[in-house]
Amino acid sequence: MKWLDRTLITAPYCYGLCYSEKEFHKELRRMRVARSEWPQFIGLGNNASADATTHLFTLKNKNSAAIVCVGNSRGKSREQIYALLTHEAVHIWQYIKKNLGEDDPSHEFEAYAIQAITQNLTTAYFGRKKS
């Protein structure tokens with residue numbers, strides 16, 4: 001699990017990328033999330049076939065964290081991975097925006113925020129896959 005740069009949106013908002021259920025559970029333990037509150041690694045509700053899921057947490061220290069869990073991506077093109085991670089970046093942005101109480105951010109601020117989050121997610125994803 002690697003926590004990603006948050007220079008555009010600073011603390012108390014953290015986000016990271018997980019590639020396996022084992023890694024996800026390790027991070028939940030580290031964050032002291034009660035086992036009874038552990039969500040599924042991938043898929044929520046009726047979307048059990050999802051390729052990725054963003055989980056949102058408010059921690060005991062009042063900081064907020066988002067963990068993007070990515071499942072098996074075999075057979076997916078680079079473009080499909082970019083689209084998938086952009087989708088999850090929008091969820092992170094929506095979470096941050098809501099917690100900031102920012103109902104109507106400027107279009108440029110919103111675009112730059114989603115761009116920065118997407119870039120961090122894709123850099124982490126493709127950097128991890130090479131190692």
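Rule-based calculations on the coordinates, nothing more; no lab input. Being a predicted model, the structure only gives us computed values, none of them experimental. Here the Cβ positions follow ideal geometry from the backbone for every residue, glycine too, while neighbour counts run over all protein chains shown.
See the values below:
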{"item": "Positive-end residue, the chain charge dipole about Cα centroid, Cβ charges, pick of L28, C14, S64", "result": "L28"}
{"item": "Volume of the Cα convex hull of the chain, divided per residue and given in Å³", "result": "120"}
{"item": "At 1.002 mPa s and 20 °C, Stokes D of the stretch 42-109 from Kirkwood alpha-carbon radius, µm² per second", "result": "157"}
{"item": "Long-range HN-HN contacts of Y15 with modeled amide H, under 5 Å", "result": "L4, A66"}
{"item": "In the chain, lysine pairs closer than 14 Å at Cα, eight or more apart or cross-chain", "result": "4"}
{"item": "Longest segment of the chain lacking trypsin sites (Lys or Arg not before Pro) that sit in a DSSP loop with at most 15 other Cβ atoms within 10 Å", "result": "77-131"}
